[in-house]
Amino acid sequence: MSEIITVENLTVAFGKHKVLDSLSMGVQQGEVLGVIGPNGAGKTTLLNTLSGRIKPQGGRIVYQGIEITRVSPAQRCRMGIGRTYQVPCPFENLTVYENILVGGVHGAGFSERKARDKCLEILSFTGIAEKRDILAGKLTLMDRKRLEVARALATNPKVLLLDEVAAGLTEVEVKAVMQIVENIKNMGVTIIWIEHILKTMLEATDQLMCLAEGKNITCGVPQEILASKLVEEVYLGVEDA
Ligand SMILES: Nc1ncnc2c1ncn2[C@@H]1O[C@H](COP(=O)(O)OP(=O)(O)OP(=O)(O)O)[C@@H](O)[C@H]1O
């Protein structure tokens, strides 16, 4: 296996506040990388930088062997980097179907015909087919999350960046989301997944990376990372007696 994304010494600052501090990491093709860390650790900023929404002050991002550090978000999307947002913001006045179609036509650059076929597949894959003609603004949180994933899938990602897709859901809903993520993984899509509810992601996660103060403090097999004293201290806030 080879790395589909490699990040070297990525640095992002807002004013004097360094939010990503010379962060390096890599993701193997087809794997699920879970990203954990305390509030403010820089997790969402990392996804924003990978998707091109934020331009870093230093470091580089290499995707499929090509440096993309200065490539626009739209171009990265066409190249196969898709994402969801922590707070889904669909076009409220468009239907579920139309929202997904926008992802296919404008995100992936598919012809309308191809995007329509893809849309039908994705509606069923994400369990939202029955809601296809409902306005996105009328959806429950769970269905907004389904739509958020569906919209990102319509952009035809090779790498999918998931930002807290399970946040705010009930236990039953979390299980449904988990199943969708596993199915996406089984399609061969590489996933970088931020989640606070650890047990949600663990089953589907190959590697777990812990961020603290913008640094990759450790990354490895999930069980080992969770058992690490360092992670316990920074993530769970446990202090020495
Ligand atoms: N656009 C911005 N302007 C200024 N500061 C920002 C901006 N975006 C993020 N920050 C700050 O950067 C730090 C990291 O934020 P980020 O959202 O990446 O953390 P996070 O690990 O995702 O946190 P959480 O788990 O709470 O979502 C925080 O202190 C945040 O306030």
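The values are calculated or read from the model by the stated rules, or taken from the named source; none is laboratory data. Since the model is a prediction, treat every value here as computed from it, not as a measurement. Every residue, glycine among them, receives a Cβ derived from its backbone with ideal geometry; neighbour counts consider all protein chains shown.
Matching residues to (1) under 18 Å from Gln28 (Cβ atoms); (2) surrounded by 13 or more Cβ atoms within 10 Å (Cβ to Cβ); (3) touching a Cys at 6+ places or on another chain (Cβ under 8 Å):
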| residue | (1), (2), (3) |
| --- | --- |
| Ala167 | no, yes, no |
| Thr170 | no, no, no |
| Met178 | no, yes, no |
| Ile197 | no, yes, no |
| Thr200 | no, yes, no |
| Met209 | yes, yes, yes |
| Lys215 | no, yes, no |
**OP:** Could you give me the residue pairs with C-beta distances under 7 Å whose first residue belongs to the range 48-74 and is in contact (Cβ under 8 Å) with a residue 24 or more places away in the chain, whose second residue is hydroxyl-bearing (Ser, Thr, Tyr) and crowded, with 20+ Cβ neighbours inside 10 Å wherever it lies, and which are 6+ apart or on separate chains?
**Re:** Ile54/Thr45; Pro56/Thr49
Original post:
Do you know which of the residues in the range 183-195 that are in contact with a strand residue (DSSP E or B) (Cβ under 6 Å, 6 or more places away or on another chain) and among the β-branched types (Val, Ile, Thr) is surrounded by the fewest Cβ atoms within 10 Å (Cβ to Cβ)?
Top reply: Val189
Original post:
away from the ligand (no atom under 14 Å from the Cβ) and among the charged types (D, E, K, R), is that true of Arg78?
Top reply: yes
Original post:
Exactly one of (1) touching a residue at least 60 places away in the same chain (Cβ under 8 Å); (2) out of contact with any helix residue (DSSP H, G or I) (no Cβ under 6 Å at 6 or more places or on another chain); (3) hydrophobic (A, V, I, L, M, F, W, C) is unmet by Leu120. Its number?
Top reply: (1)
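Residues are listed down the side, and each one gets a yes or a no for (1) among the hydroxyl-bearing types (Ser, Thr, Tyr); (2) more than 19 Å from Glu92 (Cβ to Cβ):
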position	(1), (2)
Asp117	no, yes
Leu139	no, no
Thr155	yes, yes
Ala166	no, yes
Glu171	no, yes
Ile184	no, yes
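Quick test for you: out of Gly82, Gly104, pick the one residue that is within 26 Å of His196 (Cα to Cα) and small (Gly, Ala, Ser).
One residue alone meets the criteria, Gly82.
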Original post:
Which one of Val172, Val234, Val181, Val177 is under 28 Å from Phe14 (Cβ atoms) and assigned to a helix (DSSP H, G or I)?
Top reply: Val234
Original post:
Filter the range 1-52 for residues that are surrounded by fewer than 21 Cβ atoms within 10 Å (Cβ to Cβ) and basic (Lys, Arg); which is farthest from the ligand (Cβ to nearest atom)?
Top reply: Lys16
Original post:
If you check every pair at least six apart or on different chains, which have Cβ atoms under 6 Å apart with a residue in the range 198-222 that is assigned to a helix (DSSP H, G or I) first and a residue that is within 14 Å of the ligand (Cβ to nearest atom) second?
Top reply: Thr200/Ala166; Met201/Gly34; Met201/Trp193; Met201/Glu195
Original post:
Do the conditions hold for Asn93, that is, is it part of a loop (DSSP other than H, G, I, E, B) and closer than 30 Å to Leu230 by Cα?
Top reply: no
**OP:** All but one of (1) out of contact with any His (no Cβ under 8 Å at 6 or more places or on another chain); (2) not in a helix (DSSP H, G or I) hold for Ala167, so report the exception by its number.
**Re:** (1)
Original post:
Taking Gly26 and the conditions (1) in a strand (DSSP E or B); (2) closer than 17 Å to Ala152 by Cβ, which numbered condition does it fall short on, given that it satisfies the others?
Top reply: (2)
Original post:
Among the listed residues Thr45, Thr49, which satisfies the condition of being polar (S, T, N, Q), in the same structural domain as Met187 (by TED's automatic domain parsing) and within 15 Å of Glu213 (Cβ to Cβ)?
Top reply: Thr45
Subject >> Among the candidates Ala154, Ala204, Ala166, residue that is small (Gly, Ala, Ser), within 16 Å of the ligand (Cβ to nearest atom) and under 27 Å from Glu3 (Cβ atoms) >> reply: Ala166
Original post:
Within the range 153-164, can you find the residues that are part of a loop (DSSP other than H, G, I, E, B) and under 21 Å from Val105 (Cα atoms)?
Top reply: Thr155, Asn156, Pro157, Lys158
